[in-house]
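Bear in mind that the values in this text are calculations on the coordinates, not laboratory data. A quick note: this is a predicted structure, and the numbers were derived from the prediction, not measured. Here the Cβ positions follow ideal geometry from the backbone for every residue, glycine too, while neighbour counts run over all protein chains shown.
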Amino acid sequence: MKLLLLGDIVGRKTVEHLHKTLWALRREHKIDMVIANGENASDIMGLSAEDAQTLLDGGVDVLTGGNHTFHNRSLYPMLDDSPHVLRPLNVPAAAPGSGETVFEAGGYRVLVLNLFGMFGMDYSGNPFESADRALKRNEGRYDLAVVDIHAEATAEKQALGYYLDGRVAAVFGTHTHVQTADECILPRGTAYITDLGMCGPEGGILGTDHEVILRRMTTGLPQKFTVANGDIRLRGAIVETDNGRAVKINRFVL
Ligand SMILES: [Fe+2]
Ligand SMILES: [Fe+2]
């Protein structure tokens, strides 16, 4: 079973790029399932229903989310209705959508959990407890589980990796947009990487036009965020599993 994990998708050009290229990439690498973080797909701030559908049509099986997911209200009905679009699990219960789904791929039932870190994220509950409860709640409904930990702090992501080691096939970080070179198989068989990196344009600051960020940081004044203009790069990891355990993780930049 081969899973393609894509880091935060930034901007419409990247959505279009994925729509054009992802099915070929899937075939080339014999991918059974694609999970991508979509929180920045619609011009950095959120994910519109239209862009979500374009990404699903383009070959993404499950879209995970993060702190920007709720910025685009057009997604709310889809968050409630589609089993393919998630937002973090550990948010207030009144928020639309779900943070877990089971997707069948390659003959396996794959439980996808989308968790928020606690540090620097508003209104997030404890991700360790949320993961425990979600795994218990879904017992018997899945063959392997994978976890997107959308978090700011590297230590928190690593801690969650060790916490879930041997209980899930993969723990991968999103949100910080800078790919980390620490991909590994943890001692009990969980594939781990602190951050998948970003799918988006080169030449900006985390995908945003660098002039905008510099104006904001040097003046302290709010700015309208615009997407950087460089070539699109895809970043993430391919995880191979056998009987619910990870056997290989390869980080990539395309
Ligand atoms: Fe992001
Ligand atoms: Fe984020």
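Points worth noting:
- Compared with the direct C-alpha span, the chain from R188 to K13 gains 59.1 nm at full extension, assuming 0.36 nm per residue.
- In range of the label at K30: residues from the stretch 235-254 whose backbone nitrogen is under 16 Å from the point 7 Å along Cα→Cβ: 238-243, 247-250
- Looking at the chain alone, DSSP beta bridges between its own residues are antiparallel in about 50 percent of cases.
- Simple label model, 7 Å out from Cα along Cβ direction - K224 to E50, nm: 1.7 nm
- Kirkwood radius for the stretch 1-53, taken over all pairs of different Cα atoms as the inverse mean of 1/r, rounds to 11.4 Å.
- Cα centre as origin, Lys/Arg/Asp/Glu Cβ charges: the chain dipole, Debye: 220 debye
- Put a dot 7 Å past the Cα of H210, heading toward its Cβ, do the same for N138, and the two dots end up 3.9 nm apart.
- Fewest-first ranking of F70, F119, F225, using other Cβ atoms within 10 Å as the exposure measure: F119, F225, F70
- Two-decimal Rg/Rh across the chain, once Rg and the Kirkwood Rh are taken from alpha-carbon atoms: 0.94
- Gyration tensor verdict on the stretch 127-254 (Cα atoms; rounded if a/c is under 1.5, prolate if a/b is larger than b/c, oblate otherwise): prolate
- For the stretch 88-184: rounded, prolate or oblate by the Cα gyration tensor [a/c cutoff 1.5]: oblate
- Summed residue charge, Cβ within 13 Å of I31's Cβ, Lys/Arg positive, Asp/Glu negative: 0
- Note on the chain: with a GNM built from Cα contacts shorter than 10 Å, the maximum mean-square fluctuation among A159, A41, A170 falls on A159.
- Residue of K20, K136, K30 that the Gaussian network model of the chain assigns the largest fluctuation, springs spanning Cα pairs under 10 Å: K136
- The alpha carbon convex hull volume per residue for the stretch 171-224 rounds to 99 Å³.
- With neighbours defined as other Cβ atoms within 10 Å of a residue's Cβ, the residues D195, D148, D132, D231 order from fewest to most as D231, D132, D195, D148.
- Part-to-part distance (alpha-carbon centres) for the stretch 208-225 and the stretch 30-80, which is given in Å: 25 Å
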